[in-house]
Every structure is written in structure tokens, then in C-alpha cells.
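The values are calculated or read from the model by the stated rules, or taken from the named source; none is laboratory data. Predicted model only: the values in this text are computed from it and were never measured. Note that each Cβ is placed from the backbone with ideal geometry, even for glycine, and that neighbours are counted across all protein chains shown.
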Amino acid sequence: MDHDQESGAGHLLLFPFLAQGHLIPFLNLAKRIDSLGQRAGSGGRRSLAITIVSTSRNVASLRRAVPAGSSIGFADLPFSPSDHGLPPDAEGADVIPLQAFPAFYFATESLRPPFEKLVSELAAREGCKNVCVLADIFLGWTAESASALGVQHRVFLTSGAYASAVTFSIWLCPPTFPRPANPDDEQALFDFPDVRLRYVQFLNMVVTEVRASNPMMLYLCRMLNLHFHHSGGLVINTSEEIEPKGLHLIGKLSGLPTFAVGPLIGGRTPSDTPPDGDVCIEFLDSKPPASVLYVSFGSQNTIPASQMMELARGLEASGRPFIWVVRAPVEFDGAEEFRAEWLPDGFEDRVAAAAQGVVVRQWAPQVAILAHASTGAFLSHCGWNSVLESLWHSVPVVSWPLMSDQLFDSRMLEELGVGVEVASGRMSGGLVKGWEHVRDVVETVLGDGEKARDMRQKAAELKELARAAVNADGEMKGSSVLAMERLLDSVFG
Ligand code: UDX
């Protein structure tokens, strides 16, 4: 650990799950606490030490994304992916195929002994009451460790409140819970009878109906229960204004006090500067305001090869400019080199020659793209970070959720009036209806019709709400800043 913190001031150990969609919001949380701490520190109130805990490759990239002069420290824990049948460099979900996810999740529990050593040494040095673990929802064992070692614990939920409440309720519902015969029938949730979903969405969530014998489901449920039994609170990357209903539901389900401290949005991501980053910005610079569609399925998700073809044809037929971040289709290894045969013949050359589109491999500077005035819409899988980043920059969403929380984030965006779904789900049906449908939905969102105008108006309003929530200035302190203060008071008094 590279921290040399004054004893007794309070020390937060932030421990994200090993995936970009989790590392990024944890880094943003650390930066936010650090900046608020410095603010409060000038009035002499509080000066906290913050240490982000991860494995060595992740620590190295997170370190590069921390601003100079920041007091955020790092601790790396030994991790040997090959001991768990994973590629030796598999320190993040973005570099492993979807099929290897269960092995990867289980492998993260091997971090427990070195993590407990780290916590007990810190507690011995600084005092148990001055140490708090703030860990990812998928690392439920940290709550048990913290409880055994006598230090405090809070969970940080990097997904949305509404989607998490619905998702967790489905994971945890009794296997005997009756199901309709027809997947298109609606079903009330076990914990929230007033929330009704099509049963096909349950299928997209649990992957298999025989959950009792599904090791991944058992693992996830165990992680949730450990948090719900041992943790002292739930910190969520959302705001009271964006998700009042979601916050109520997740508080009820978990039984924990909730702290909505978001949106936490970052400038730079922990990944290296993408090689195609400049190409994207130059392309945007050459296009009119609000004209470009940005297409990405996040850091670890992707669509089937057949769907990639339909999407490509639909984008080309729309005639609208686009930037598309491509990853190997879901049937292939996520780290595999992208092959031209996964796109229609001559597609890339045609759209480049017409200055219609840029196809980027693997990673693009998403936040910079969404912040650019030429970006007019985002075709997204609706990972929660992508949702928040769109709201923050008032970019309407063409949603194509693939699994788990994404399905309910998409629903929420539609309810907020800033999203239109083009396809939904990967497990059971839900595939895009064809390239013509992609073309038509893109036109609905990027065109000049009433729907597009309404969405832009709503997006502008939500942007104001999102930014007001994190305003840290004097009399106008936002709800999320106040929640952060309550959180830190609840931990360190
Ligand atoms: C995962 C889950 O899939 C998602 O459902 C959950 O809500 C969070 O964890 P991920 O799929 O990676 O996340 O999506 P998302 O939450 O949107 O996070 C991706 C992050 O990586 C965003 O901050 C985005 O800005 C960044 N990113 C992604 C890039 O900067 N460039 C890219 O090319 C892709």
C-alpha cells in the first residue's frame, strides 16, 4: 500500500470488482470523496485517506487516470488467474469470453486472504473504528471479512437503483415462485407486487430456470446476502431526483440505509488512451451539431454475429453519421482480433469513403464522444455508466439492452422519455427485428420528428437535474453531496 496517512483521520478502502464498468465508477467515487474531503479539509472538518484496492494491472491503469497531486493511494493484491483456468492476464472481465465469466467471478474470491491481511494491518495501525471498507456488490465476502475484523463496511452499487432492485429481486426470489406458461405474459415481482415484467425478461436475467443448480446464480445470491447481513449501508451511483422509486425499492429489498451519491462521471477512463480516440474526435469535429450516432455495447458485452450484420446494414441505410465501437461477436473470444467478415462486404470502406461512419476496434473515448456537441444520440446496451454518461451530457438513447440490469435501465430511460428500445435481451428472443427496424429507430431518435424533439427536450432537463445533484457549492448543495456527507458522518462521525 502506498499510503502514509496520518493515524486516526479515517481511512476508506475502496474495492471494485475487476471490470471496467466497476473500476471506472469506483475511481470516480474516490475522486469525488477526495475533492469533497479537500473542500471540507480547508474548513478543518475532515481529511480522509483513500486507498483503491485491486490487482496489479488494474492498479497500474487506475494510477494513470488519477490527477496529479491527488492523495488517492493504491494497494495491489496478488492474483493468479491461471490457477483458476483463466488466461494468465485475465485481470478484468473485458478480456475474457462471456462463457468464462463464472470462473472469473469465483476466482475473485481468492483475493480474500491477502485482502484480510491488508485490512488487519491497517486496523492495527490506525484503529478499527477509523477503517471502512467500501466494496463492490459482487464482493460480498468483504462484508463478512470486515465484520470479523471489526472494521466498518459499506457496499458501493455501480448499477442503477431501480434496475438493481428488480434484478436482485429476481435472483433472490424463491425457486417455487410460480411462473406463467407463456414467456410473453406479465408477472409481478415477488418482492414488489406492483412491478410487473414480461416473463421473458426473467428468462433473460436468470439464464436458466433451474437456478438452484446454477453455480453463478448461487454465487451472486450468496454475495448479495453477505452484504445485506453484514454491511452498514448501500452507497449508490445515482441521485434522488433521477431514481426516487428505485431508491425506495432497493432500500426495502436490502434493509440497509441508502446513500445516493451520483452521478459520478469521469473525464478520463482508466484504460490506456485508445489508438482511435483522435479519429473519433476529428470525425465529430467535421459534423453538424447533434447529428452523429455513437454506438457501443460497453466494456464487456457484445452482440451475435448475425445481429452485427443487421446493425451494420441499418446504420448504413439510415444515412446518418455514426461512430461504432466493435468487439468480437458474442460467439467468439472477447479479446480476439476483429475480423472483416463480421461486417457486410465492403461496409467499412463504403462508410469511410462517404464520410458517413467510423468503425473503432474495442475501445473509444466514450465520455469525450458523449460530451461533443456533434453527438446526437447513443445506441447503447444501457450499462449503468453509459446511462449516466448520456444523461450527464443530454444525449438521447437508442437502447439495445442485452442482459441483467441493462434491461431495466432501458425501461427506465423509456419512462424518463429519453430512450427508445430497438431490441432487448440476448438469451431468449429479443433480437433486433432486422436492419430496417434499426434504420427506422435511428431516424425516430436523430430525425426532426416530434418524438426526437421531445427526447432532446427531456434530455436537456435531466442534464440539469443530474448536475444540480452533485453541486457542492455553499447554499446550493445538491442532494448527492448531502448524501455523501451523511455517508461519511455515518462512518467516521
Ligand atoms: C457492466 C455491466 O454490463 C452493466 O450492466 C453494469 O451496469 C455495469 O457493469 P459495462 O457493460 O462495461 O458494465 O457498461 P457500462 O456500465 O456502460 O460501463 C462502461 C464504461 O466504460 C463507461 O464508463 C464507458 O464510458 C467506458 N467505455 C466503454 C469507454 O470509455 N469506451 C468504450 O469503448 C467502452
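Points to keep in mind about this one:
- Scoring residue 313 on the criteria (1) buried (at least 22 other Cβ atoms within 10 Å of the Cβ); (2) farther than 27 Å from residue 195 by Cβ leaves a single failure, condition (1).
- Number of residues in the range 101-156 that are in contact with a Ser or Thr (Cβ under 6 Å, 6 or more places away or on another chain) and within 16 Å of the ligand (Cβ to nearest atom) equals 2.
- Filtered by the rule that a residue be in a loop (DSSP other than H, G, I, E, B), over 22 Å from residue 213 (Cβ atoms), touching a residue at least 40 places away in the same chain (Cβ under 8 Å) and not β-branched (Val, Ile, Thr), the range 162-199 gives 191, 192.
- Considering the range 282-302, and only residues there that are of a type in the set (Ser, Thr, Tyr) and in contact with a strand residue (DSSP E or B) (Cβ under 8 Å, 6 or more places away or on another chain), the residue that is nearest to the ligand (Cβ to nearest atom) turns out to be 296.
- Odd one out for residue 231, checked against (1) buried (at least 22 other Cβ atoms within 10 Å of the Cβ); (2) modelled with pLDDT under 95; (3) of a type outside the set (Asp, Glu): (2)
- Across the range 329-358, the qualifying residues are those that are closer than 12 Å to residue 316 by Cα and among the β-branched types (Val, Ile, Thr), and the one among them that is surrounded by the fewest Cβ atoms within 10 Å (Cβ to Cβ) is 351.
- Note on the range 1-51: residues that are among the polar types (S, T, N, Q), modelled with pLDDT of 85 or more and farther than 21 Å from residue 122 by Cβ total 3.
- The test for being part of a helix (DSSP H, G or I), closer than 27 Å to residue 448 by Cα, basic (Lys, Arg) and not assigned by TED's automatic domain parsing to the domain that holds residue 100 holds for residue 313.
- Pairs where the first residue, in the range 354-370, is under 13 Å from residue 386 (Cα atoms) and the second is part of a helix (DSSP H, G or I) and modelled with pLDDT under 95, C-beta under 7 Å, 6+ apart: 364/277; 365/277
- Summed over the range 447-475, the residues that are under 28 Å from residue 373 (Cβ atoms) and not in a loop (DSSP other than H, G, I, E, B) give a count of 20.
- Residue check, residue 35 of a type in the set (Ser, Thr, Tyr) and either part of a helix (DSSP H, G or I) or within 29 Å of residue 216 (Cβ to Cβ) (or both): yes
- Selection status of residue 417, in contact (Cβ under 8 Å) with a residue 60 or more places away in the chain, away from the ligand (no atom under 16 Å from the Cβ) and closer than 27 Å to residue 237 by Cα: no
- Checking the stated criteria, residue 165 turns out to be within 29 Å of residue 382 (Cα to Cα) and small (Gly, Ala, Ser).
- Scanning the range 370-385 for residues that are within 12 Å of the ligand (Cβ to nearest atom) and over 24 Å from residue 424 (Cβ atoms) yields a single hit, 371.
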